[in-house]
Amino acid sequence: RKMAFSSRRRNYMLVRHRKDGLIEFFRKMLNHSFVLNLVEETAPQTWKHFEELVEEHIKDPVNSRLKHLVSTVGTFFTPLPLCEAYLEYDAHYHISRRKYVSISFDDVRHILNLAQVKASCKQIGLLSFDGDQTLYSDGKNFNDEDLAMYIIAFLQNGTYITLTTAAGYGLDAAKYEVRVQYLLDAFKKASLPEDVVSKFYVLGGECNYLLQCNKNYKLSPVTDWSPKETGTIDQTIVKRLIDTAEKSLRTTINELCLNARILRKERAVGLIHGGILENSESGMQGSLSLRREVLDESCLRVMEDLRKQNFKIPYCAFNGGSDVWVDVGNKRVGVSTLQDLLNVPPEACIHVGDQMYETGNDIAARSCCPTIWISNPTETKYILKAMLSYIGLRESPIPKTTKGFNNE
Ligand code: IMP
Ligand code: MG
């Protein structure tokens, strides 16, 4: 290749796809207390101060101090009792007694989650869950008894539940049922009546397909579902978007010699692992699985290629953990249309997901409701357990024998 030291040719070492501005800001502010060994004395006041910054930002999102300090800060739909959440978290995990390890990214994330749950629990009307890595491990099916019990408790409490997943199988109910059969069986075992199970939805392909649980504990397609913004878009634009994404992903496969292939659907295109190679000398990357760096690179490339084309329709390009996908529509479109359909205001809704970085697909939901950022299904269970206990439902509809519920 020709050498060209031109200012036009630069690589951008992006880190924003592995950073969260608000969490980093909170963490750095708290570091001073740690260095001075004054965490116990000063951290609660710092969290109180964060509460004030959030309140100020709610009142004036354009000119708030928080907006100036953290340019990527999003919308807060409720005030956050951050100090109370911190004290509760510290009473349990004693982070203020640590001498060598200061408050971590995950500590801050958990405290934000707790504060959001505290703020939302009394008014929760719609709980939206991501699928892979939130309700079940990546690519696996639902299989957790406690999680099923917690979801049932919310349904019996009158809360709508939706599984909001990128996995798109059109309106083929059987394919979605495979993923959540365990949960549907739990509904059946608990003999939940129709008015309760009909509060359970599956939103597939980010926002494109809606299915609802029926009295026979099966999923029925909701045929008149038409999400705002993507329900009636021109097929030629859809095709142009998916074509552009496919071309970009193919170029990446070739340039980085990836052991990967393309999977194309009606409203999505994915870069997935190419299968185990017979010949390990092939020089291809990703013989067992595709590496995180490669997935991020492919994702950032396709984002840039799509951005340049200035598409006017909502879409979502993301690193799914073991693959990269571009879907028409996103979780914001899905969850906000469901809010309208079910008459639930944004502040009475929560989306729980694991993909909250810029290259994730849950981050889109941040602009239509409060979100909880978990990193695996065990954390989802923890947060639901906390929420049920704040509502005061921790004992009642759950059988006493359910393990992990009554013991901390
Ligand atoms: P989620 O975490 O539940 O949103 O699911 C994301 C995962 O679903 C991706 O990482 C893919 O492995 C899988 N998937 C299956 N079909 C699709 C699709 O059509 N678009 C995007 N992801 C899909
Ligand atoms: Mg996920």
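The values are calculated or read from the model by the stated rules, or taken from the named source; none is laboratory data. Quick caveat: nothing in here was measured; it's all calculated off a predicted structure. We place every Cβ from the backbone using ideal geometry, glycine too, and count neighbours over all the protein chains shown.
From the list Arg179, Arg261, pick out the single residue that is surrounded by fewer than 18 Cβ atoms within 10 Å (Cβ to Cβ), at pLDDT 95 or above and either among the charged types (D, E, K, R) or within 16 Å of ligand 2 (Cβ to nearest atom) (or both).
Values: Arg179 fails: surrounded by fewer than 18 Cβ atoms within 10 Å (Cβ to Cβ).
So the residue among Arg179, Arg261 that is surrounded by fewer than 18 Cβ atoms within 10 Å (Cβ to Cβ), at pLDDT 95 or above and either among the charged types (D, E, K, R) or within 16 Å of ligand 2 (Cβ to nearest atom) (or both) is Arg261.
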Residue list for region 138-158, filter: farther than 14 Å from Pro377 by Cα and either assigned to a loop (DSSP other than H, G, I, E, B) or among the β-branched types (Val, Ile, Thr) (or both): Ile152, Asn157, Gly158
Failed item in (1) within 16 Å of ligand 1 (Cβ to nearest atom); (2) within 20 Å of Ala364 (Cα to Cα); (3) modelled with pLDDT of 95 or more, with Leu112 passing the rest: (1)
Hits in region 141-166 (condition: within 14 Å of ligand 1 (Cβ to nearest atom) and either in contact (Cβ under 8 Å) with a residue 60 or more places away in the chain or crowded, with 20+ Cβ neighbours inside 10 Å (or both)): Phe142, Thr162, Leu163, Thr164, Thr165, Ala166
Residue count for region 309-368, restricted to those that are within 13 Å of ligand 2 (Cβ to nearest atom) and in a helix (DSSP H, G or I): 4
Filter result (free of Cβ contacts under 8 Å to residues at least 40 places away in the same chain and within 16 Å of Asp327 (Cα to Cα)) within region 264-294: Arg264
Complete set of residues in region 1-26 that are farther than 15 Å from Ala85 by Cβ, of a type outside the set (Phe, Trp, Tyr) and at pLDDT 95 or above: Asp20, Gly21, Glu24
Any chance Thr380 is over 22 Å from Gly168 (Cα atoms), touching a strand residue (DSSP E or B) at 6+ places or on another chain (Cβ under 8 Å), within 16 Å of ligand 2 (Cβ to nearest atom) and of a type in the set (Ser, Thr, Tyr): yes
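Looking only at region 121-140, count every residue that is in contact with a Phe, Trp or Tyr (Cβ under 7 Å, 6 or more places away or on another chain) and not aliphatic (A, V, I, L, M) and tell me the total. I'd like the intermediate steps shown before the answer.
Looking only at region 121-140, we keep the residues that are in contact with a Phe, Trp or Tyr (Cβ under 7 Å, 6 or more places away or on another chain), and these are 121, 125-127, 135-136.
Among the residues that remain, those that are also not aliphatic (A, V, I, L, M) are: 121, 125, 136.
Going through region 121-140 one residue at a time, the tally reaches 3.
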Qualifying residue in region 315-337 (condition: touching a residue at least 24 places away in the same chain (Cβ under 8 Å), over 20 Å from the mean Cα position of the chain (by Cα) and more than 16 Å from Leu256 (Cβ to Cβ)): no
Any hit, region 158-172, residues being more than 14 Å from ligand 2 (Cβ to nearest atom), among the polar types (S, T, N, Q) and either touching a Gly at 6+ places or on another chain (Cβ under 7 Å) or at pLDDT below 95 (or both): yes
Close pairs from region 121-140: first farther than 17 Å from Ser322 by Cα, partner near ligand 2 (Cβ under 10 Å from one of its atoms) and assigned to a loop (DSSP other than H, G, I, E, B), Cβ under 6 Å, at least 6 apart: Phe129/Leu135
Of residues in region 167-179 being free of Cβ contacts under 8 Å to residues at least 40 places away in the same chain and not small (Gly, Ala, Ser), the one farthest from Arg332 (Cα to Cα): Val178
Region 129-140, subset within 7 Å of ligand 1 (Cβ to nearest atom) and among the polar types (S, T, N, Q), residue surrounded by the most Cβ atoms within 10 Å (Cβ to Cβ): Thr134
Residues that are modelled with pLDDT of 95 or more and in a loop (DSSP other than H, G, I, E, B), drawn from region 375-404: Ser375, Asn376
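Condition first: over 13 Å from the mean Cα position of the chain (by Cα) and hydroxyl-bearing (Ser, Thr, Tyr). Now tell me which residues in region 118-135 satisfy that. Spell out how you get there, then give the answer.
Let us first name the residues in region 118-135 that are over 13 Å from the mean Cα position of the chain (by Cα), namely 118-126.
The one that is over 13 Å from the mean Cα position of the chain (by Cα) and hydroxyl-bearing (Ser, Thr, Tyr): Ser120.
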Residues of region 297-310 satisfying the condition of being touching a helix residue (DSSP H, G or I) at 6+ places or on another chain (Cβ under 6 Å) and under 12 Å from Leu256 (Cβ atoms): Ser298, Arg301
Residue ID - nearest to ligand 2 (Cβ to nearest atom), chosen from residues in region 269-308 that are surrounded by 12 or more Cβ atoms within 10 Å (Cβ to Cβ) and acidic (Asp, Glu): Asp296
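Suppose the filter is in contact with a His (Cβ under 9 Å, 6 or more places away or on another chain), under 30 Å from Lys265 (Cβ atoms) and modelled with pLDDT of 95 or more; does Val335 pass it?
Details: in contact with a His (Cβ under 9 Å, 6 or more places away or on another chain): yes; under 30 Å from Lys265 (Cβ atoms): yes; modelled with pLDDT of 95 or more: yes.
For Val335, the condition - in contact with a His (Cβ under 9 Å, 6 or more places away or on another chain), under 30 Å from Lys265 (Cβ atoms) and modelled with pLDDT of 95 or more - is met.
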Any pair with Cβ under 8 angstrom, 6 or more apart, that starts in region 220-249 at a residue that is among the β-branched types (Val, Ile, Thr) and at pLDDT 95 or above and ends at one that is part of a helix (DSSP H, G or I) and loosely packed, with under 14 Cβ neighbours inside 10 Å: Thr244/Gln309
